[in-house]
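A short worksheet on the structure shown next.
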Amino acid sequence: MKISVIIPLYNKEHYIKDTICSVLNQSFYDWEMVIIDDGSTDSSVQIVQSFQDHRIRLYRQENQGVSCARNRGIKLAKGEFIAFLDADDKWMPDYLEKMMALAENYPDYSVFCSTHNGHYIRELPIISIIDDHCKYPYIYWTGCMFIKKEVFDNIGGFREGIQLGEDRDMWLRIGCKYVTVYLNKELAYHPYETENNLARTVDVANSFPYWEWYNYPYPFKNSLYKYTTLLIVNRAEELVRQKRYTEAWFFLSKTRGYSSARQRIKLLFKIIFKK
């Protein structure tokens, strides 16, 4: 078994069929699909069960969050490589073939990634070796990651109990120890309007505590500080838009680095004028 495709599933009855079909239609066939249903209350499970392909394995659990579902999928995976696909995302038919070819052509590397819809990076060639991924804040997306399973033995799983940003944390933790072979081709598709898109329903105050990243052993500290500060400021600005000024200031007070003072002043003016 070459590849394990891990799909966390929660109430995606309108999308899961197309997601599964995008895997079934792959030009590369040596894969298994590990679907972890995280307590769906709609017809998602019945739709999965309607498929009769022996490569599809379904496991069910009480609702514990996407990180717990992905971590369970990693433990159950039998493949040499792990590929993640959310239950409302799709791959182009040659995604697995392209990623497997990339892994074979760069056998000394363990982490691979492609581009998804709308995120082609003009300044990069078709294939890049990226050692400082904080230079490209939105380059890594879960549905485009293709990783040797042994990486998770070294890094650990996704951090559980986090509503937003747990995936970014995983890619940063991996980036502390591994470089990425990046294929600058749009091989995956994400619909930005879904009925239970976490990014649209999560309370921003419950997102990952990004300030912890300042202490990560990332080899490029300047990029790390800029990347971390950017995400904290984005969260603080969202709280300002919600008029949650105390929480916004708490977030911003966690920033470090040369740009943090300027960002605090800018946000302070926003708070003053919005009041």
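A few points about this structure:
- The sole residue among Met99, Met92 that is farther than 13 Å from Val5 by Cα, in contact with a Phe, Trp or Tyr (Cβ under 9 Å, 6 or more places away or on another chain), of a type outside the set (Ser, Thr, Tyr) and at pLDDT 95 or above is Met92.
- Residue ID - nearest to the chain's Cα centre (by Cα), chosen from residues in region 96-133 that are within 15 Å of Val179 (Cβ to Cβ) and buried (at least 22 other Cβ atoms within 10 Å of the Cβ): Cys113
Yes/no per residue for (1) hydroxyl-bearing (Ser, Thr, Tyr); (2) out of contact with any helix residue (DSSP H, G or I) (no Cβ under 9 Å at 6 or more places or on another chain):
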position: Tyr29; (1), (2): yes, no
position: Asp38; (1), (2): no, no
position: Ser50; (1), (2): yes, no
position: Arg57; (1), (2): no, no
position: Arg60; (1), (2): no, no
position: Val66; (1), (2): no, no
position: Leu76; (1), (2): no, yes
position: Phe81; (1), (2): no, no
position: Leu85; (1), (2): no, no
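- The residues of region 138-152 that are surrounded by fewer than 14 Cβ atoms within 10 Å (Cβ to Cβ) and under 14 Å from Ser4 (Cβ atoms) amount to a single one, Glu150.
- Residues of region 44-64 satisfying the condition of being surrounded by 15 or more Cβ atoms within 10 Å (Cβ to Cβ) and either without any contact (Cβ under 8 Å) to a residue 40 or more places away in the chain or touching an Asp or Glu at 6+ places or on another chain (Cβ under 6 Å) (or both): Ser44, Val45, Ile47, Val48, Phe51, Arg55, Ile56, Arg57, Leu58
The values are calculated or read from the model by the stated rules, or taken from the named source; none is laboratory data. Since the structure is predicted, the reported quantities are computational estimates derived from the model, not experimental observations. Virtual Cβ from ideal backbone geometry, glycine too; neighbours counted across all protein chains shown.
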